[in-house]
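Rule-based calculations on the coordinates, nothing more; no lab input. Small disclaimer: the values here were computed from a predicted structure and weren't measured. Because the Cβ atoms are built from the backbone with ideal geometry, glycine has one as well, and the counts that use them run over all protein chains shown.
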Amino acid sequence: MMDSRRAVELATLIAEHHGDPNPGGIDAVISSYGHASHVVFGSSDQAHATRMPVLVIQVRGDFAGRRHPPHTPPPTGSLLTALVDVRTEALLGVRIGSTALDLASLGPTDSLNTPR
């Protein structure tokens, strides 16, 4: 299990890389990759073990996607949701939008404070 201070550090770093160096609130939950991928992205990525533990973080701020098709604007939104491998801390995927996801469907959710 990842400690909350490290979860805030990772969430803040991911938010900064997506355009907001001072994000707002952070919600986090530990889940399996398969379940989290289905809730966050609507599908399951078979490249990763479906039972692998992941940290799912949802951050409030002003975000823009870093990867998008050529000649199209990046996705933007006020919510960034990311999946992070608990063991390696590798970023496995990011979703940017304006609709909050129900992280409670993945397990007990923690609201974390951002450093100000």
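Relative to the Cα centre, what is the charge dipole magnitude of the chain, using +1 at the beta carbon of each Lys and Arg, -1 at the beta carbon of each Asp and Glu, and rounding to the nearest 20 debye?
Using Cβ point charges on Lys, Arg, Asp and Glu, the chain gives about 120 debye.
Which order, highest average first, do 69-76, 104-111, 13-20 follow once you tally other Cβ atoms within 10 Å for each residue and take the mean per peptide?
Per-residue mean Cβ counts within 10 Å order the peptides as 13-20, 104-111, 69-76.
With an 8 Å Cα cut-off and a minimum separation of 6 or more residues, compute the relative contact order for the chain in percent.
Dividing the mean separation by the residue count of the chain yields 30 percent.
Whole percent per 10 Å bin, from 0 to the bin with the longest distance: what is P(r) over all C-alpha pairs of the chain?
Bins of 10 Å from zero give 15, 49, 32, 4, 0 percent of pairs.
Averaging the inverse of every distinct alpha carbon separation and then flipping it gives the Kirkwood radius. What is it for region 59-116, in angstrom units?
Evaluated on region 59-116, it is 13.2 Å.
For G93, what residues show an amide H to amide H distance below 5 Å, using hydrogens built from the backbone and excluding near sequence neighbours?
Those qualifying (amide H under 5 Å, at least 5 residues apart or on another chain) are L83.
Hey, can you grab everything whose amide H is under 5 Å from the amide H of G25? Only 5+ residues off in sequence or another chain; H modelled, so Pro and N-termini drop out.
Under 5 Å from the amide H of G25: R60.
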